[in-house]
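This report concerns only the one structure given below.
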Amino acid sequence: MIPESIHVLLIEDNPGDARLIQGALAETNSSQRTASQFKVAVAARLADGLSHMSANALDIVLLDLSLPDSQGLETLHQVLAHASHLPVVVLTGLDDENSALQAMQQGAQDYLVKDQLNSQLLARTVRYAIERKGIDQTLRESEDRYRDLVENSQDLICTHDLEGRILSFNLSAEKMLGYP
């Protein structure tokens, strides 16, 4: 569920880029009266951004991967290690599909090239990233509940493929069948 006010942390060391991104979100605030309003804080260094994350309630992080105190995917790793519950959208000047794919595989919700941004795209990306992160968390919690039910059940529970090959079974099945 998208909050009424979306608290954004923009970690960006280029003041011009920071103003453009803030301006794009401000433009969305004024043009869409029914949509969420964006409240943007800016940090010019990763260390400042991590401190801001610890001290403030946030909904999303917009992250430049090239900062004075961190470079590349290590920047993303540090943010995710510090606040794994927050969705992170990478904003970069590098239009490289391989880098985008790596960032997404390592936990970013999206990867946007700065010179291709407009206010509608940015606002939609932020909202979708928040929604996807919430869905991911709900799915993870559901999987954990299911796993606990299966593992702690006294019943024999076994999964198999269409050919009848056993794929997995719980501890009760292991004890009953005598197979590890």
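With respect to Ile135, is the statement that it is in contact with an Asp or Glu (Cβ under 6 Å, 6 or more places away or on another chain) and closer than 24 Å to His7 by Cα true?
no
So the check is Cβ under 6 Å with 6+ separation or different chains; which pairs have a first residue in region 95-117 that's within 17 Å of Ile130 (Cα to Cα) and a second one that's exposed (fewer than 15 other Cβ atoms within 10 Å of the Cβ) and not polar (S, T, N, Q)?
So the pair list comes out as Gln109/Arg132.
Mind checking which residues of region 169-180 are among the small types (Gly, Ala, Ser) and farther than 11 Å from Val150 by Cα?
Selection gives Gly178 alone.
Just the residues that are small (Gly, Ala, Ser) and either without any contact (Cβ under 8 Å) to a residue 12 or more places away in the chain or assigned to a strand (DSSP E or B) (or both), please, taken from region 159-180.
Result: Gly164, Ser168, Gly178.
Of the conditions (1) touching a helix residue (DSSP H, G or I) at 6+ places or on another chain (Cβ under 9 Å); (2) without any contact (Cβ under 8 Å) to a residue 60 or more places away in the chain; (3) open to solvent by 60 Å² or more (accessible area, probe 1.4 Å); (4) not hydroxyl-bearing (Ser, Thr, Tyr), His77 satisfies every one except a single condition; which number is it?
In the conditions (1) touching a helix residue (DSSP H, G or I) at 6+ places or on another chain (Cβ under 9 Å); (2) without any contact (Cβ under 8 Å) to a residue 60 or more places away in the chain; (3) open to solvent by 60 Å² or more (accessible area, probe 1.4 Å); (4) not hydroxyl-bearing (Ser, Thr, Tyr), His77 misses (1) alone.
Looking at Thr125, Thr138, which one is open to solvent by 30 Å² or more (accessible area, probe 1.4 Å) and either touching a residue at least 24 places away in the same chain (Cβ under 8 Å) or among the hydroxyl-bearing types (Ser, Thr, Tyr) (or both)?
Thr138
Given region 1-118, what helices (runs of 4 or more DSSP H) lie entirely inside it while holding 3 or more residues that are modelled with pLDDT under 90?
15-31
Which residue, of Ala55, Ala43, is small (Gly, Ala, Ser), in contact with a His (Cβ under 6 Å, 6 or more places away or on another chain) and either on the phi < 0 side of the Ramachandran plot or open to solvent by 70 Å² or more (accessible area, probe 1.4 Å) (or both)?
It is Ala43.
The values are calculated or read from the model by the stated rules, or taken from the named source; none is laboratory data. Here the structure is a predicted model, which means the values were calculated and not measured. Heads up, the Cβs are rebuilt from the backbone with ideal geometry, glycines too, and the neighbour counts pull from every protein chain shown. For the accessible areas, the whole protein counts, side chains as well, though only heavy atoms, and no ligand, DNA or RNA atoms are used. Shrake-Rupley method; radii C 1.70, N 1.55, O 1.52, S 1.80 Å.
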